[in-house]
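**Q** Structure incoming, see below.
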Amino acid sequence: MSWLTDSWLLRDYVLPALDILLLAFLIYRTYRILVQTRAVQLIKGALFMGLVYLAAFLLRLATLRWVLNLLVPGLVIGMAIIFQPELRRIFTHLGQGNWLRLHPRVRTRHLEAVLNAAEILAAKRCGALIVFSRNIGLNTIVETGTRLNAELSSSLLLNLFAPNTPLHDGAVVIREDRVVAAGCFLPLSEQPDIRRSFGTRHRAALGLAEETDALVLVISEESGSLSLAHDANMLYDLSLEEMGRRLKRLLELPAEDSGEGES
């Protein structure tokens, strides 16, 4: 294979272009993850400290450089501790490889079943948490509930979230076309800026969206409004149509599905 590296065309044009494209791809992927987390604040702080250090170096401010040399190692460690959840999430997302996925996790007809159930539950003011598992495994979440491994349908969701039933207070976890478990407990978000008017369901949905790539559909028991948590963000008070559009896009579902009619 030495003839490949000896070729002037490959050496002078193809390899540099490939190098730039791979670097650009990695930068783009990292940026997409950063803008969805508080880690942007970490980048801004690091850039500010870098500019201050550069100014001290260029202007030969010996005292300021000495102070910065003492502080920077501690600041780096402090930032790593403060932003540990964001850093963990960045590396987790980088390792997912979801851009290579060929098939959607949930088929269109199964999503329609969820949306039909959500419409009925919202009209009746029945609170619900419906989790769509994507690339990051949710085994620890599934273990907190009751395993079902049942085929996904509107009637099943309506029964699970009916008031005064044993599993209605927890979350349902959906993987592909199956309801894996119900009555699951989700980690609560620690974000200080979440709306005070929302309770445990919304905090739990956001908490899972902060730690994993799961999508969480929330139905408010108080107002019947629909919300969607994903990528450490919460979208409040969505219409059923908007919820369907966003879930189709995030689950990478085609506009038309060749699947069979809803059961």
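**Q** Classify the stretch 105-163: rounded, prolate or oblate, from the alpha-carbon gyration tensor (a ≥ b ≥ c, eigenvalue square roots; a/c under 1.5 rounded; otherwise prolate if a/b is larger than b/c)?
**A** oblate
**Q** Taking 0.36 nm per residue of separation and subtracting the Cα-Cα distance, what length does fully extending GLU151 through ASN233 add?
**A** Working: separation 82, 0.36 × 82 = 29.52 nm, distance 2.89 nm.
Full extension of this stretch gives 26.6 nm more.
**Q** With each pseudo-label sitting 7 Å past Cα toward Cβ, what's the THR144-LEU71 distance in nm, one decimal?
**A** 4.0
**Q** A follow-up question, please. For every other residue with a beta carbon closer than 10 angstrom to the beta carbon of ARG125, add +1 if it is Lys or Arg and -1 if Asp or Glu, then tell me the sum.
**A** Once all neighbours under 10 Å are counted, the net charge is -1.
**Q** Take peptides 167-178, 224-235 and line them up by average Cβ neighbours within 10 Å, highest first, as a rough protection proxy.
**A** Answer by packing, highest mean first, reads 167-178, 224-235.
**Q** Sort the stretch 108-250 into rounded, prolate or oblate with this rule: let a ≥ b ≥ c be the square roots of the eigenvalues of the Cα gyration tensor; rounded if a/c is under 1.5, and if a/c is not under 1.5, prolate when a/b is larger than b/c, oblate otherwise.
**A** Note, shape of the stretch 108-250 comes out rounded.
FYI, it's all coordinate maths here, none of it is from the lab. No experiment lies behind these values; they were computed from the predicted model shown. All Cβ positions, glycine included, derive from the backbone under ideal geometry; neighbour counts span all protein chains shown.
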